[in-house]
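To keep things clear, I will list the structure first and then write my remarks on it.
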Amino acid sequence: MAGPTLFVAGATGFTGREVVREARARGLTTVAHVRPDSSRLADWQDRFTALGAMVDSTPWDTAAMGELIGRLRATHLFALVGTTRARGRQAARRGGREDYENVDFGLTALLVRAAAGSGMRPRIVYLSAVGAGPSARTAYMRARHRAEQAVIESSLPYTIVRPSFIVGPDRDDGRPAERIGASFVDGVLGLAGLLGARRLRDRYRSISNVELARTLLELALDPQAAGRVVEAEQLRRG
């Protein structure tokens, strides 16, 4: 029987690139998706090809994505797409629409529809965020909730993961405020853990993109993780 085939949408992102690297380190057949209009398409092709991954740049179109997933006979679909407010503002100045509604929700929903129409039943591994919910205070968290619902209602097998801050040295966009916030929160939560609030500590403290990628792969390949929403405190390794 052939082994798993992983299709990673959002492969160039902070977590996605680590998922590709870790999957190839485990010898798994991996297809990294890079959007066709990426200014760094050639660089990403070189980077992922050097890891032994295949690189795909199919346009964001439901039918085209569905045909690709079916042709690859993908067993796992990692939905790791997302944007930031800064990129949204930059896109708006160019006349584009790259906000949470169109990217975090819209592209995830497109992937779900594509997978459902592909003739395959890939496990969808969706990277959400702690605090996602229908009445969340931010547009980001509300969009993440809608994406979660699209995944759950698809009738496809799924695993949803909700980490808190994701940290590491290889971010393209820097996000200094988020790094400072994560450091501050981790310090407060460390003290809370010493005082007995271990669940609170584990729910909101940061996780590195490397550790998160490893955990996503382990969950993706675990039959017992199908149909689960995995909260941040369940991602910790002791």
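The values are calculated or read from the model by the stated rules, or taken from the named source; none is laboratory data. Worth saying up front: this structure is predicted, and the values here are computed from it rather than measured. Note: ideal-geometry Cβ built from the backbone for every residue, glycine included; neighbour counts use all protein chains shown.
Computed values, structure above
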| item | result |
| --- | --- |
| Residue ID - nearest to ASP104 (Cα to Cα), chosen from residues in the range 137-165 that are in a helix (DSSP H, G or I) and touching a strand residue (DSSP E or B) at 6+ places or on another chain (Cβ under 8 Å) | ALA147 |
| Residue list for the range 204-230, restricted to those being free of Cβ contacts under 8 Å to residues at least 60 places away in the same chain and part of a strand (DSSP E or B) | ILE207, SER208 |
| Flag if GLY16 is more than 20 Å from ALA109 (Cα to Cα) and either in contact (Cβ under 8 Å) with a residue 12 or more places away in the chain or exposed (fewer than 14 other Cβ atoms within 10 Å of the Cβ) (or both) | no |
| Residues of the range 138-150 classified as over 13 Å from the mean Cα position of the chain (by Cα), closer than 18 Å to ALA114 by Cβ and in contact (Cβ under 8 Å) with a residue 12 or more places away in the chain, total | 2 |
| Unique match (being modelled with pLDDT of 50 or more, surrounded by fewer than 13 Cβ atoms within 10 Å (Cβ to Cβ) and farther than 19 Å from THR75 by Cβ) among ARG237, ARG198, ARG203 | ARG237 |
| Candidate set: the range 99-115, residues that are part of a helix (DSSP H, G or I) and among the acidic types (Asp, Glu); chosen: the one modelled with the highest pLDDT | ASP104 |
| Of all residues in the range 21-54 being touching a Phe, Trp or Tyr at 6+ places or on another chain (Cβ under 6 Å) and without any contact (Cβ under 8 Å) to a residue 40 or more places away in the chain, the one that is surrounded by the most Cβ atoms within 10 Å (Cβ to Cβ) | ALA32 |
| Residue ID - modelled with the highest pLDDT, chosen from residues in the range 152-172 that are within 20 Å of GLU211 (Cβ to Cβ) and of a type in the set (Asp, Glu) | ASP170 |
